[in-house]
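The values are calculated or read from the model by the stated rules, or taken from the named source; none is laboratory data. It should be emphasised that the depicted structure is a prediction, and the values quoted were computed from it without experimental measurement. Cβ placement follows ideal geometry from the backbone for every residue including glycine, while neighbour counts extend to all protein chains displayed.
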Amino acid sequence: MQTATPTSTLLGGRSPAEFLDTYWQKKPLVIRGALPDFESPLAPEELAGLACEEGVTSRLILEHGGEYPWQLKEGPFEEADFLSLPETHWTVLVQEVDRLIPEVGALLDHFRFIPRWRIDDIMVSYAPTHGNVGAHIDNYDVFLLQGLGQREWQFGHAPVEDETIVPERDVRMLADFSPDETVVLEPGDMLYLPPRIAHHGIARDDCMTYSIGFRAPSHQQLIGDFVSDMLEAIDPNARYADPDLTPPEHTGAIRPEARERVRTILRSLTRDDEALDRWFGRYITEPSRGRMAFPLEEPFAPDELADALRGGAVLRHGAASRLAFMTHDDGTVSLFADGNARRLPADLAFAGPLLTDRAVIPADALASHLDTDAFTQMLAELVNAGILDVMCPNR
Ligand code: SIN
Ligand code: CO
């Protein structure tokens, strides 16, 4: 397993604050030796194995070797799909490898200077020589960490505003791409790209790339999802009503009192800030890509769980789970887990950061709270719902 690397190498001698101030969402950065001695925790065959698993999101992009150039195939694949591939010019990409392989998930510890809810996943790709997915733009920030072999990256310096896409291709590719810079990355090197920077990565040999990808909901998505959630809560019998109607001076006029009534109806959607915050916390912690937590068949009693944790069991986020917290002015905390919210009183507020900051909950910090009944009760609820996993040697 990788240990935490000093930020000085990760960001090329810059502090997180300097990196965020100068590069984050602003301009690309090539970092040589970001993770010195980094070796891919996965072999290409293991990645191909993941691409064959049910419930794993994977793609094959075949510049050559498909039924037509640039064919995109979606997984899960069969072993035979990999046996019939050409020697060169294809890529396999697997999403959420951080959730599938703990050693890959541990890489996220290097990125704790960015809020966890902004991180989508670690996608891992493998490509033989010349494998690439075409020149393209992504709408999200990404750190592209080289895991195996060499990849040539061509990229622009400024975000693309209006792109022209090559028509009738399975894969979205830029019709006109002229890079401002070309680099060749070796294992442990990393390229940071802000959203909408054109890039093109071509495998020089057997090549694995780890993409630490971020999420940033579009306003359209955010408002659309908010409105559709709110719609469910609206009384279907509530309707515009004007029992106090008086004869109008002009029948063609929409009068101030009618306008105010409609404004009040529309504004009722946004309610108070706390409701908006609670909605967002729930929304952003919904598990992605259709994943879900499964409740335990043999639930833990709180005391039993506390004993297991005292005895060395490890508590970690479940493979599907997303957790986050918000603090409130009165000292209470909202804990969000997989789309649900719970309000923690001030004396349980410590649980917010404790349960959400790291995928593996630090045992020493946990130990000092295991005598707090309300805390162990909540832990048992989260474990029994499958939101937290407990790895127990004796169960
Ligand atoms: C890749 O890993 O092949 C592509 C990653 C990207 O360009 O976003
Ligand atoms: Co990309």
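Working carefully through the options ASP109, ASP138, find the one that is surrounded by fewer than 18 Cβ atoms within 10 Å (Cβ to Cβ), charged (D, E, K, R) and over 24 Å from ALA51 (Cβ atoms).
After ruling out the rest, the residue left standing is ASP109.
Quick one: which helices (runs of 4 or more DSSP H) sit completely within region 223-310 and have at least 1 residues that are in contact (Cβ under 8 Å) with a residue 40 or more places away in the chain?
The helices (runs of 4 or more DSSP H) meeting that bar are 273-284, 302-310.
For region 177-198, check the following and say yes or no: at least one residue is in the same structural domain as GLY131 (by TED's automatic domain parsing), surrounded by fewer than 22 Cβ atoms within 10 Å (Cβ to Cβ) and at positive phi.
So far as region 177-198 goes, yes, one or more of its residues are in the same structural domain as GLY131 (by TED's automatic domain parsing), surrounded by fewer than 22 Cβ atoms within 10 Å (Cβ to Cβ) and at positive phi.
With the condition kept exactly as written, say whether any residue in region 168-176 is of a type in the set (A, V, I, L, M, F, W, C), out of contact with any His (no Cβ under 9 Å at 6 or more places or on another chain) and surrounded by 14 or more Cβ atoms within 10 Å (Cβ to Cβ).
no
Inspect all residues belonging to region 185-204 and state whether any of them is within 12 Å of ligand 2 (Cβ to nearest atom), in contact (Cβ under 8 Å) with a residue 12 or more places away in the chain, under 19 Å from ILE61 (Cα atoms) and part of a loop (DSSP other than H, G, I, E, B).
Taking every residue of region 185-204 in turn, at least one turns out to be within 12 Å of ligand 2 (Cβ to nearest atom), in contact (Cβ under 8 Å) with a residue 12 or more places away in the chain, under 19 Å from ILE61 (Cα atoms) and part of a loop (DSSP other than H, G, I, E, B).
So, of the residues in region 71-107 that are assigned to a loop (DSSP other than H, G, I, E, B) and aliphatic (A, V, I, L, M), which turns out to be nearest to PHE214 (Cα to Cα)?
Filtering region 71-107 for residues that are assigned to a loop (DSSP other than H, G, I, E, B) and aliphatic (A, V, I, L, M), the one nearest to PHE214 (Cα to Cα) comes out as ILE101.
I need the full set of residues from region 351-368 which are at pLDDT 95 or above and crowded, with 17+ Cβ neighbours inside 10 Å, in order please.
ALA351, GLY352, LEU354, LEU355, THR356, ILE361, LEU366, listed by residue number.
Of everything in region 126-143 that's of a type in the set (A, V, I, L, M, F, W, C) and over 21 Å from GLU63 (Cα atoms), which residue is farthest from ligand 2 (Cβ to nearest atom)?
By that ranking, first place goes to PHE143.
Within the group LEU315, LEU348, which residue is buried (at least 21 other Cβ atoms within 10 Å of the Cβ), in contact with a helix residue (DSSP H, G or I) (Cβ under 7 Å, 6 or more places away or on another chain), hydrophobic (A, V, I, L, M, F, W, C) and under 15 Å from THR376 (Cβ atoms)?
Matching residue, one of LEU315, LEU348: LEU315.
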